[in-house]
Amino acid sequence: MSDTALRTEGLSKRFGDVVALDHLDLEVPRGEVVGYLGPNGAGKTTTIRLLLGLSRPTEGRAEIFGLDCRRQPVRAHRRLAFVTGEANLWPSLTGAETLSLLGRVHGHVDEPYRGALIDRFDLDPTKKVRAYSKGNRQKVVLIAALMVRPDLLVLDEPTSGLDPLMEQVFRHCVQEAKDRGQTVFLSSHVMSEVEALCDRVAILRQGRLIEMGTLAEMRHLSALTVEARFDRTVPDLSAVPGVSAVEVDGPTVRCQVRGSVEPLVKVLASAGVTELLSHEPSLEELFLAQYGADGHAG
Amino acid sequence: MQADLGIRARITAPVGARGSPAFLVAGLSTRRAVRSGILWGYIFGIAIASSEITYGRIYKTAAQRDALAATYGASKAMSALFGPAPRLQSVGGFTVFKISMTLMVLGAVWGLLTSTRLLRGEEGSGRWDLLLCGRTTQRRATAQVIVGLGTGLAALWAVTAVITVLSGRQASVGIGVGPSLYFSVATVATAAMFLAVGAVTSQLAATRRRAASWAAVFLGVSYGVRLVADAGVGLHGLIWASPLGWVEELRPIISPQPLALLPIAAFVAVLCALAVYLAGRRDAGASMVADRDHAEAHVALLYGPSGLVVRVQRAPIIGWWVAIGLSAFLYGLIAKSTGTTISGSVQEVLSKLGTTGTGADAALGVSFLVEAVLIGFFAAGQVTAARSEESDGTLDNFLARPVSRSGWLGGRMAVAVMALTLGGVGAGVSGWLGAASQHTGLPFTSLLLAGVNLVPPAIFILGIGVLTLGILPRATAVVVYGALVWSLLVVIVGGFGTVSHWALDTSVFHHMASAPSVPPDWVANGVMLGIGAAAALVGGLVFRRRDLRGA
């Protein structure tokens, strides 16, 4: 049995002249929760559709638990469940009927867990899908995926349309799945969600994987934000090794520092610093650093 | 970079440059309705022109034309199917008789599908809410869509009229501009009425499918009432009880009765006003006929994709069965009386439609062509519904689970084949029941086989549809309905005149024997089934290997 839940090798997809995914090499070990980030059009959904066999790769291959996604999709799908942010369901069925259908199609349902999920997500299963709000339709697809206790959860914007309370419920469910040893591949724009849940993060830009690692690794490679306050003249920090993005606001100076902080600390101490704050970059800051503040690839 | 600038320029262009924001909904609806109207206008115009131009070539002498008039003028079967035939000695009278009823029904189908798509369909998709956030109200937006539909109707009429006028100016045809324009009005009149019917059912029903089904039921009833009125059973007064009858009473070219436009115009005006009024009486997304938001779970059929098809499609399938069964029963009911009017000369002309013999079996032989068309549309509906599952994303729910593409498509088509077969058998049994009630003496097996005989052309259509679904998924509806309409027009034009055998061979209905007047041609049926199955197989293989594609 493969210890790798998900693997891609040189996976590429072109639509005419547009390269949607460019030689993606990715490996997700069993039991890991991986965040998959990138701006709109970076290739996240394309990756997921290739993994699910809904689209065919132009080059390369993808595997789920060692099963080729293109040649053995049915066997691969027995091991996974998929949640999309666009819940397209059958309007004339009720929530209960939809869950019954999708459970039967998958072949195995943890019935008590399904009941618990319906309660936790506060879903009225007697209602017809056409009468559900977007958030409630999203709950149906989430419950349908979680109730089969798959080895791999492939989630594409799974909390789209959910209120903050339901987002918390979702996070608990993913945490439980992780505790049970299930693998989660999470594509999301909600940075706090990814930061809270994921062991590792992969960042995609224009179809290419540009960063993959734990948050700690990424932070280590990224700048530390420092804010210092003085009761006399603010020193010039622009020449200090490793310091960048210096901003002076009256008696306060903000800057970013990469590598050793020792040269900066020496300068600040000699200049009579009265307050000193520093913080590691959040995932959002890391993400924006990759793409620029306007969200575009920089 | 150039292309990028072009796109940005289009996006940022002030709305006022293309029209007031207050009329944006009308603009959007107009664009979609006009495109469709122009396409169908070409089909209508070409059908009329081909009929007008071929008349002089086929019926060259006065004696031939008198024989034609004597043949059809006295035939109750033909009158029931195509309407009365008062002046067949003229090209105009012949064309009106030959083509009007078919175009009337096609126009009605276009009207109800277009209006339910642009009204209830937009509302169901959620796009309607976006529009209502603009400078409009539900009532105004509905009125604007109706304006858009009216413009689409004008496009349908304009294209039909231009081709009809040009055809009429041919020396061999010789129909003036005025009569041609009036004929064009009569041709699109049912489209106008069923645009309005669709606008009302869009307010009443909660889903587009239901709105279209209710409008289709109204069309079926209208056709049935007209058929009885024209069947020569002493009930001609019923003609005024059917909107299709009003259009018939316009009597274009031969003896125009423009006064019959009054009920048509009143019908359209009242229904459009009613649609706008009802739109203001309900919430956006809701319907006038209450839809149950809650229901008990019934999961017996929900074991997989095929069971879901049966569950979701059972109402439309039963609707089709009822329409096919009722119409076949009706044809059986009038077969004896209409069959008595078929003389030897009629038989000669009917032979061009593939029918031989005289009496009730000959009448049913022609009538069952209509049944074949109905079952063909039923098949086309099944394959376009499969394509809709792919384009609206519901198919992803299955294919992201342990369901193979071939399993899904094969199951879906198996359900369609079963439904079509039962529809054909039902047509045969219903036709026999109608005929037996009038003591025609037609044997049960003869009509049962006539019903089974309707299935191969439908399977052929289904196969072509699956092939298109595999290769050109976005063209599925156009190809499958186009093939049907083409086949129908070719077989009608060919039946009443001379069409090259190359053209006739392209019509699937031309290859179907006119049972029960002649025995089913099992070799031809086998070929149709074989081609349909092969096309479906190739389509299925291509479908397995391609990307899923949205709308």
Checklist line | Within the protein assembly as shown: Cβ-based charge dipole about Cα centre, in debye rounded to nearest 20 (Lys, Arg +1; Asp, Glu -1) | finding: 2420 debye
Note to self: Among A:SER222, B:HIS510, B:ALA70, whose Cα projects farthest towards the positive end of the dipole of the protein assembly as shown, with charges put on the beta-carbon of Lys, Arg (+1) and Asp, Glu (-1)?
What the structure shows: B:ALA70
Check: Residues of B:295-302, mean number of Cβ from any other protein chain within 10 Å of their own Cβ, rounded to a whole number?
Finding: 6
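For A:ALA216 and A:ASP68 in the same chain, what is the full-extension length gain: residue separation times 0.36 nm, less their Cα-Cα distance, in nm? The partial results should precede the final answer.
Numbers: separation 148, 0.36 × 148 = 53.28 nm, distance 3.24 nm.
My answer for the length gained is 50.0 nm.
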Next item on the list: Give a residue-ordered list of calculated ³J(HN,Hα) values for region B:105-121 (Karplus: 6.51 cos²θ - 1.76 cosθ + 1.60, θ = phi - 60°; whole Hz; x for Gly, Pro).
Entry: 5, 4, x, 5, 5, 4, x, 5, 5, 5, 6, 5, 5, 7, 9, 5, x
Note to self: What FRET efficiency comes out for B:ARG292 versus B:ALA385 if R0 is 22 angstrom and r is the Cβ-Cβ distance? Round to the nearest 0.05.
What the structure shows: 0.45
Next item on the list: Under 20 Å from a label point 7 Å along Cα→Cβ of B:TRP522: give me every residue in region B:445-487 with its amide N that close.
Entry: B:445-460
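So what's the back-of-envelope 222 nm ellipticity for chain A, counting only DSSP H runs of four-plus at -39500 (n - 2.57) apiece and dividing by all residues, rounded to 500? Working shown, then result.
Values: 10 runs with 96 residues, N = 298.
It comes out at -9500 deg cm²/dmol, rounded to the nearest 500.
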Next item on the list: Let me know the charge dipole size of chain A about its Cα centre in debye, to the nearest 20, where only the beta-carbon of Lys, Arg (+1) and Asp, Glu (-1) is charged.
Entry: 1300 debye
Next item on the list: Might you report the magnitude of the Cβ-based charge dipole of region A:223-280 about its Cα centre, with Lys and Arg at +1 and Asp and Glu at -1, to the nearest 20 debye?
Entry: 120 debye
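So, counting K/R as plus one and D/E as minus one, what does the shell of residues with Cβ under 9 Å around A:THR159 add up to? Could you put the intermediate results ahead of the total?
Working: positive: A:ARG171; negative: A:GLU157, A:GLU167, A:GLU193.
Spelling it out: positives minus negatives among the neighbours equals -2.
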Note to self: Under a crude label model (7 Å from the Cα following the beta-carbon direction), how far is B:LEU130 from B:ARG282 in nanometres?
What the structure shows: 2.3 nm
Margin query: Could you work out [θ]222 nm for chain B from helices alone, using -39500 (n - 2.57) per DSSP H run of at least four and dividing by all its residues? Round to the nearest 500 deg cm²/dmol.
Written below: -24500 deg cm²/dmol
Checklist line | Per-residue HN-Hα couplings for region A:31-40 [Karplus 6.51, -1.76, 1.60; θ = phi - 60°; Hz; x = Gly/Pro] | finding: x, 8, 10, 10, x, 10, 10, x, x, 4
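What whole-number value in cubic angstrom gives the convex hull volume per residue for the C-alpha atoms of the protein assembly as shown?
Details: hull volume 167.0 nm³, N = 849.
Taking only Cα atoms, the protein assembly as shown has a hull volume of 197 Å³ per residue.
Of all alpha-carbon pairs in region A:4-218, indicate the percentage at a distance above 22 angstrom. Numbers along the way, then the final one.
Numbers: 11084 of 23005 pairs.
More than 22 Å apart: 48 percent of the Cα pairs in region A:4-218.
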Next item on the list: Give the residue from A:TYR113, A:GLN72, A:HIS172 lying farthest towards the positive end of the charge dipole for region A:4-218; charges sit on Cβ (+1 for Lys and Arg, -1 for Asp and Glu) and the dipole is referred to the Cα centre.
Entry: A:GLN72
Notebook entry, point to check: How do B:ILE146, A:ILE64 rank when sorted from fewest to most other Cβ atoms within 10 Å of their own Cβ?
Noted result: B:ILE146, A:ILE64
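Would you mind checking the pairs B:LYS60/B:LYS336; A:LYS13/A:LYS127; A:LYS44/A:LYS127; A:LYS44/A:LYS134; A:LYS128/A:LYS178 and listing those with alpha carbons more than 30 angstrom apart?
On the way: B:LYS60/B:LYS336 33 Å; A:LYS13/A:LYS127 40 Å; A:LYS44/A:LYS127 32 Å; A:LYS44/A:LYS134 22 Å; A:LYS128/A:LYS178 32 Å.
Pairs exceeding the cut-off: B:LYS60/B:LYS336; A:LYS13/A:LYS127; A:LYS44/A:LYS127; A:LYS128/A:LYS178.
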Next item on the list: For A:THR4 paired with A:LEU277, estimate the spin-label separation in nm (one decimal), with each label point 7 Å from Cα along the Cα-to-Cβ line.
Entry: 4.5 nm
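At a Förster radius of 41 Å, what calculated FRET efficiency corresponds to the Cβ-Cβ distance of B:ALA414 and A:ARG208, to the nearest 0.05? All intermediate terms of the calculation are to be shown ahead of the outcome.
Details: r = 44 Å, r/R0 = 1.08.
Step by step, r from the Cβ atoms, then E = 0.40.
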Next item on the list: Once you have all Cα-Cα distances for chain B, histogram them in 10 Å bins from zero and send the whole-percent values.
Entry: 4, 17, 27, 27, 17, 6, 1, 0
Notebook entry, point to check: Using alpha carbon centroids, what distance separates region B:408-446 and region B:156-208, in Å?
Noted result: 34 Å
Check: Hey, rough spin-label estimate for A:ARG171 and B:LEU274, points 7 angstrom out along Cα→Cβ, what's it come to in nanometres?
Finding: 5.5 nm
Check: All other residues with a Cβ under 13 Å from the Cβ of B:VAL480 taken together, and with Lys, Arg as +1 and Asp, Glu as -1, what is their net charge?
Finding: +2
Note to self: Quick check: the distance between the Cα centres of region B:457-477 and region B:217-296, to the nearest angstrom?
What the structure shows: 32 Å
Margin query: In whole Hz and in residue order, list the ³J(HN,Hα) couplings for region A:104-120 that follow from phi through the Karplus curve 6.51 cos²θ - 1.76 cosθ + 1.60, θ = phi - 60°; x for Gly and Pro.
Written below: 5, 5, 6, x, 9, 10, 7, 4, x, 5, 4, x, 5, 5, 4, 5, 5
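Sum up the charges of everything whose Cβ sits under 10 Å from the Cβ of B:ARG545, counting Lys and Arg as +1 and Asp and Glu as -1, but leave B:ARG545 out.
Numbers: positive: A:ARG56, A:ARG70, B:ARG405, B:ARG544, B:ARG546; negative: B:ASP547.
With Lys, Arg at +1 and Asp, Glu at -1, the net is +4.
Taking other Cβ within 10 Å of each residue's Cβ, how do B:VAL177, B:VAL466, B:VAL233 sort, fewest first?
On the way: B:VAL177 12, B:VAL466 31, B:VAL233 15.
Fewest-to-most ranking of B:VAL177, B:VAL466, B:VAL233: B:VAL177, B:VAL233, B:VAL466.
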Notebook entry, point to check: How would you rank A:SER192, A:SER187, going from fewest to most other Cβ atoms within 10 Å of each one's own Cβ?
Noted result: A:SER192, A:SER187
Next item on the list: Quick one: P(r) of region B:20-288 from all Cα-Cα pairs, 5 Å bins, percents rounded to integers, in order of increasing distance.
Entry: 1, 6, 13, 16, 17, 15, 11, 8, 6, 4, 2, 1, 0, 0
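Bear in mind these aren't lab numbers, they're just calculated from the coordinates by the rules spelled out. These numbers were taken from a predicted model, which means no experiment stands behind them. For neighbour counting, all protein chains shown are included, and Cβ atoms are generated from backbone atoms with ideal geometry for every residue, glycine included.
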